[in-house]
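Since the structure comes first, as structure tokens, the remarks are kept for the end.
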Amino acid sequence: MSLLSPYVCVWVDSFGRQIEQGIQPHFSHQEPLYPIIASWPFEALGLNLVGPITPKSSADHSYILAGTDYFSKQTKVMLLREAKKKNIVNFVQTHIIYRYGIPQHIVTDNGRQFANTLMDKLCEKLNLKQYKSSMYKGATNGLVEAFSKTLCNLLKKVISKTKRDWQEKIEEALWAY
């Protein structure tokens with residue numbers, strides 16, 4: 001009985017066959033993976049943009065920006081009409097930094113709303129590190145991705161048939177979370 005996962009065993013077998021056939025296995029350069037460990041509240045923050053949500057809300061919102069603290073799992077959200085970089089930076093400043101202090105790490109995906117010069121300037125000015133998850137491995141920011149999925153499922157249960165009242169029901173969904 002092997003203690004290794006069956007997937008690892010298959011990978012090792014294929015690796016061995018490549019060597020036997022004289023094929024040089026190629027490994028692309030990857031940065032080492034590090035777990036995101038927070039020792040105090042709002043030391044590390046994950047950001048995710050949910051949307052575009054259709055239909056738009058009655059107030060014309062079509063995005064939800066979610067920020068999740070890696071220590072307490074507390075989540076802050078902001079409803080957005082447009083997914084613009086200035087809205088993301090405004091959220092980080094007003095809903096996170098001005099209320100809880102400067103986080104040491106922010107984990108985002110590589111979306112243009114997160115990977116831009118405005119966000120880079122904020123990070124440089126406040127000496128905080130932004131980690132961008134791989135384009136091929138969105139689960140790197142798994143905590144906030146899981147929250148986003150749960151929030152969408154909760155909203156589906158509480159909105160009306162017109163589906164345009166989701167902005168009024170978001171507080172109820174957050175309370176249930």
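The values are calculated or read from the model by the stated rules, or taken from the named source; none is laboratory data. Just so it is clear, the model here is predicted, and its values are computed rather than measured. All Cβ positions, even for glycine, are placed from backbone atoms using ideal geometry, and neighbour counts span all protein chains on display.
Apart from one condition, residue 23 fits all of (1) modelled with pLDDT under 70; (2) under 26 Å from residue 92 (Cα atoms); the exception is (2). Residues being within 20 Å of residue 69 (Cβ to Cβ) and in a loop (DSSP other than H, G, I, E, B) are represented in segment 125-132 by at least one member. A single member of 93, 167 is in a helix (DSSP H, G or I), in contact (Cβ under 8 Å) with a residue 24 or more places away in the chain and more than 19 Å from the chain's Cα centre (by Cα), and it is 167. Would a scan of segment 136-152 turn up a residue that is of a type outside the set (S, T, N, Q), touching a Ser or Thr at 6+ places or on another chain (Cβ under 6 Å) and over 22 Å from residue 177 (Cα atoms)? There is no residue in segment 136-152 that is of a type outside the set (S, T, N, Q), touching a Ser or Thr at 6+ places or on another chain (Cβ under 6 Å) and over 22 Å from residue 177 (Cα atoms).
Counting only residues that are part of a loop (DSSP other than H, G, I, E, B) and of a type in the set (Gly, Ala, Ser), which one in segment 67-90 is farthest from residue 128 (Cα to Cα)? Full working, then the answer.
In the first step, residues of segment 67-90 are kept if they are part of a loop (DSSP other than H, G, I, E, B); the result is 70-74, 81-84.
So of that shortlist, the ones also of a type in the set (Gly, Ala, Ser) come out as 72, 83.
Details: 72: 19, 83: 22 Å.
Among them, the one singled out is 83.
Considering only segment 46-60, state which residues are touching a helix residue (DSSP H, G or I) at 6+ places or on another chain (Cβ under 8 Å) and surrounded by fewer than 19 Cβ atoms within 10 Å (Cβ to Cβ). Explain how you work it out, then say what you get.
Filtering segment 46-60 for residues touching a helix residue (DSSP H, G or I) at 6+ places or on another chain (Cβ under 8 Å) gives 46-50, 53, 57-59.
If the condition is that a residue be touching a helix residue (DSSP H, G or I) at 6+ places or on another chain (Cβ under 8 Å) and surrounded by fewer than 19 Cβ atoms within 10 Å (Cβ to Cβ), then 53, 58, 59 are the ones that fit.
State yes or no: is residue 102 closer than 23 Å to residue 44 by Cβ, β-branched (Val, Ile, Thr) and within 15 Å of the chain's Cα centre (by Cα)? Working first, answer last.
Numbers: closer than 23 Å to residue 44 by Cβ: yes; β-branched (Val, Ile, Thr): yes; within 15 Å of the chain's Cα centre (by Cα): no.
No; evaluated as a whole, the condition is false for this residue.
It is to be established whether one or more residues within segment 58-66 are assigned to a loop (DSSP other than H, G, I, E, B), over 24 Å from residue 174 (Cα atoms) and at pLDDT below 90. No, because not a single residue in segment 58-66 is assigned to a loop (DSSP other than H, G, I, E, B), over 24 Å from residue 174 (Cα atoms) and at pLDDT below 90.
A single entry from 81, 112 fulfils the requirement of being closer than 28 Å to residue 169 by Cβ and without any contact (Cβ under 8 Å) to a residue 40 or more places away in the chain: 81.
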